[in-house]
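The values are calculated or read from the model by the stated rules, or taken from the named source; none is laboratory data. Everything numeric here is computed off the predicted structure, so don't read it as measured data. Ideal geometry is used to build each Cβ from the backbone, glycine not excepted, and the neighbour counts take in all protein chains shown.
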There are 2 protein chains.
Amino acid sequence: MKKQSSSPHSSMGFTVWFTGLPGAGKSTLAKLLESRLRVLGLPVETLNGDEVRKRLTKGLGFSREDRLENIRRITYVANLITRVGGISIVADISPYAQSRDEARKEIKNFVEVYVQCPLKTCIERDPKGLYAKAQQGKVLHFTGISDPYEEPLNPTIIVETEKENPEESTKKVLLELQNLNLILSI
Amino acid sequence: MKKQSSSPHSSMGFTVWFTGLPGAGKSTLAKLLESRLRVLGLPVETLNGDEVRKRLTKGLGFSREDRLENIRRITYVANLITRVGGISIVADISPYAQSRDEARKEIKNFVEVYVQCPLKTCIERDPKGLYAKAQQGKVLHFTGISDPYEEPLNPTIIVETEKENPEESTKKVLLELQNLNLILSI
């Protein structure tokens, strides 16, 4: 009987979850981290907030209840990827401690990265022009303006995107993944 | 530099998609196949219709539009599992050729298993008592009774659960997976 070669089962799946204010830099870091992990030959998929809202959670809004449901679906999928030995990267505001706690409970090897950036700076960056609209009252339930963001109290990693460039923040994440023995080299 | 050992990337992800009438035996076969693949040490997760409706598609009903959206979400997730080198097993009526075609297009290594069983037999089995309710008009949009099931014209595998026992049907699937070089041994 031939042995199934390179069974993925022996590898370690994990989830890297970027949380932070709109404009803090989550998507940028997720993209960069994904490309670094691909270079290492690792199987990785990113669940980006915007894509997820198209593919998994069409119809959900931004009320607390809908946001919790949105994150529960992301958690379900991130967990499945992790369970089969893959790496899932989540980039989502995920403003509520409750949903991040639920994700941590469900997903083995859950790495929470708090993408920290002062609100003032996020408002200046405003990459999608949504802060401006929120301040004019044209977008409701906007995190940081008209909706709360509950800061992670005990994240695995904090990156400070006002002080660090994306390369530096990504390096921090990679070093910690290595430190946690989730990846062997960087 | 240490090499990342047993990278799952080198393994072949695939999706086995069981389609068929309610009561045809999809969940039974999915469960049995999952346990066989686990014994082989392979990383496998099952997306069962009922669980999916709790975790991914709460709020969707059984209209054509909602069923298509339901399957699109399953497809999205099955594809992510497949892409990271895992095996996803889907057990869902998936009555429309359109959605199965979309799944086939999106997912690399898509194995469609038509779980064939005469409607009469499914009605006799009626494991969840839903055929009875549908015939009394208490359940609407019920596939086989008040909603169509479009038979697969060209499935990868056909199993006939009226003639075969679950072990025999599962063996058929495993042999075909080996034949397709998706698994090396059974």
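Residues that are surrounded by fewer than 23 Cβ atoms within 10 Å (Cβ to Cβ) and within 28 Å of B:Thr46 (Cβ to Cβ): does the stretch A:26-35 have at least one? Yes, because at least one residue in the stretch A:26-35 is surrounded by fewer than 23 Cβ atoms within 10 Å (Cβ to Cβ) and within 28 Å of B:Thr46 (Cβ to Cβ). Taking the numbered list (1) crowded, with 17+ Cβ neighbours inside 10 Å; (2) modelled with pLDDT of 95 or more; (3) on the phi > 0 side of the Ramachandran plot in turn, B:Asn109 passes all entries but (1).
Enumerate the helices (runs of 4 or more DSSP H) found wholly within the stretch B:43-157, keeping only those where 3 or more residues are more than 18 Å from B:Gly23 (Cα to Cα).
B:64-83, B:97-106
For the stretch B:64-74, a residue qualifies if it is under 15 Å from A:Thr57 (Cβ atoms) and either surrounded by 24 or more Cβ atoms within 10 Å (Cβ to Cβ) or in contact (Cβ under 8 Å) with a residue 12 or more places away in the chain (or both), and the qualifying residues are B:Glu69, B:Asn70, B:Arg72, B:Arg73, B:Ile74. Taking the condition modelled with pLDDT of 95 or more, more than 12 Å from every other protein chain (Cβ to nearest Cβ), crowded, with 21+ Cβ neighbours inside 10 Å and closer than 22 Å to B:Asn79 by Cα, does A:Val16 pass? Yes; evaluated as a whole, the condition is true for this residue.
Among the residues of the stretch B:104-144, those that are over 27 Å from B:Glu176 (Cβ atoms) and small (Gly, Ala, Ser) comprise B:Gly129, B:Ala132, B:Ala134, B:Gly137. Taking first residues from the stretch B:31-47 that are farther than 21 Å from A:Ile87 by Cβ and more than 13 Å from chain A (Cβ to nearest Cβ) and partners that are in a helix (DSSP H, G or I) and not aliphatic (A, V, I, L, M), the Cβ contacts under 7 Å between residues at least 6 apart in sequence or on separate chains come to B:Leu32/B:Pro166; B:Leu32/B:Thr170; B:Leu33/B:Thr170.
Just to check your reading of the model, which residue among B:Val159, B:Val84, B:Val115 is touching a residue at least 60 places away in the same chain (Cβ under 8 Å) and within 30 Å of A:Asn48 (Cβ to Cβ)? Please lay out each step first, then the result.
Details: B:Val159 fails: within 30 Å of A:Asn48 (Cβ to Cβ); B:Val115 fails: within 30 Å of A:Asn48 (Cβ to Cβ).
The conditions single out B:Val84.
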